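Q: Mind looking over this structure? Questions follow.
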Amino acid sequence: MLKKKDRHSILIDDHELVYYRCGQGEPLMLVHGITTYSFIWRMVVPYLNDNFELIVVDLLGCGDSDKSIDVEFSLKNHAKILAKFLEALHVSKVHLVGHDVGGGICQIMSVRYPENILSLSLLNTVAYDFWPVQPIITMRTPIIRQLAMASLDLGAFRFIVKRGLYHTERLNKELMDYFWYPMRSSDGRKAFLYFSHCLNNQDLLEISDDLRRLQIPVLIIRGDKDVYLSQQIAEKLHKNIQTSRLVHVPSAGHFIQEDEPELIAQFLLTFLLR
């Protein structure tokens, strides 16, 4: 679990980033995707913190971090902000683990700051031009964003979360409360919709050649029951990155950390401690 005593905050370009720091060993940063925040790693953390110093961040616009929308929430800018964040923490070398669009952010960091990255692990990640999925594309239309702002409710969000799970019976009130937490406020909803609006697959298309030249070890984990992101993403990444390893998890959907946290941690430890 993520503990209160491990919670910190820091100003990066005058915007507050909230993060958790625990464990011991080489630094490892866990980066969530859209619709989630640091909580999504809470069941993975206990398996990793004996071997790594974990840095679990809330991206700008997510969780408890600053939700003002006067800064761009593109993947490129998130990567730039996280690079500044690590510099501010005096972390010069780090293992990156990213989920969903967090995986896209980590890809950009890996090619833009190769001297700082020890390894890259991608869980049900976005990549290339196989995304955004249609609901996110429509968020770029102002009238759709306004309608979404008015109609997004707990029931609709619960449906989104349930579709992303393989073990749907685990969607209890506690888990739904985690997911819904940022959406309870108007600022949280605005930040979520703005994040969706800022997503552009061009950010990842423009680094496709750089990915081929990666020299660091890369682990790609695919939850086979992910209904939101295509299997083609994992297969193309594995084909194009010569240093990569691809593993499949048949019993996991998009929110793979909820479906199989121990198994995910085992894959990461085997990969990172080889």
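Every number here is computed from the coordinates shown, using simple stated rules; none is lab data. Keep in mind that this is a model prediction, so the values were computed, not measured. Cβ sites come from the backbone with ideal geometry, for glycine too, and all protein chains shown count toward neighbours.
Q: Using alpha-carbon positions, what is the distance between the centroids of the stretch 67-87 and the stretch 189-243, in Å?
A: Measuring centre to centre over Cα atoms gives 18 Å.
Q: Test of understanding: what is the full-extension gain from L89 to M1, defined as 0.36 nm times their sequence separation minus their Cα-Cα distance?
A: Once the chain is fully extended between L89 and M1, it gains 29.5 nm.
Q: I'm spelling it out carefully: the read-out is volume of the Cα convex hull per residue in Å³, the candidates are (1) 114; (2) 132; (3) 155, and one was derived from this structure. Which label?
A: (1)
Q: Please rank H254, H167, H99, fewest neighbouring Cβ atoms within 10 Å first, as an exposure proxy.
A: Least crowded to most crowded, the residues run H167, H254, H99.
Q: Also, quick follow-up: Please figure out what share of the DSSP beta bridges in the chain is antiparallel and state it in percent, rounded to the nearest 5.
A: 30
Q: Here's a follow-up. Charges at C-beta only: +1 for Lys and Arg, -1 for Asp and Glu. How large is the resulting dipole of the chain about its Cα centre, in Debye rounded to 20?
A: 300
Q: Oh, and also: Highest mean first, how do 156-166, 45-55 rank when packing is the count of other Cβ atoms within 10 Å averaged over residues?
A: Ranking the peptides 156-166, 45-55 by packing returns 45-55, 156-166.
Q: Put +1 on the Cβ of each Lys and Arg and -1 on the Cβ of each Asp and Glu in the chain; which of L123, L246, G155 then has its Cα farthest toward the positive end of the dipole?
A: Of L123, L246, G155, it is G155.
Q: What is the gain in length, in nm to one decimal, between H167 and N116 on full extension, counting 0.36 nm per residue of separation less the C-alpha to C-alpha distance?
A: So the extension gain works out to 14.7 nm.
Q: Would you mind ranking C106, C22, C198 by Cβ crowding within 10 Å, fewest neighbours first?
A: Listed from fewest to most nearby Cβ atoms, that is C22, C198, C106.
Q: Within 10 Å of each residue's Cβ, count the other Cβ atoms and sort L268, L123, L30 from fewest upward.
A: If I rank by nearby Cβ atoms, fewest first, I get L268, L30, L123.
Q: At 222 nm, what value in deg cm²/dmol follows for the chain if DSSP H runs of at least 4 each add -39500 (n - 2.57) and the sum is divided by all its residues, to the nearest 500?
A: Calculated from helices alone, the mean residue ellipticity at 222 nm is -11000 deg cm²/dmol.
Q: Within a Cβ distance under 12 Å of S65, other residues only, what is the Lys/Arg minus Asp/Glu net charge?
A: So the surrounding residues net to -3.
Q: Within the set of other residues whose C-beta is less than 11 Å from the C-beta of E16, count the net charge using Lys and Arg as +1 and Asp and Glu as -1.
A: Net charge around E16: -4.
Q: Let me have the relative contact order for the chain, percent, based on Cα pairs under 8 Å that are six or more residues apart.
A: 20
Q: Next question, about the same structure. Under 30 Å between alpha carbons, and skipping anything fewer than 8 positions from K67 in its own chain: which lysines qualify?
A: Answer for K67, where 30 Å is the Cα cut-off: K3, K4, K5, K76, K80, K84, K93, K162, K173, K190, listed by chain and number.
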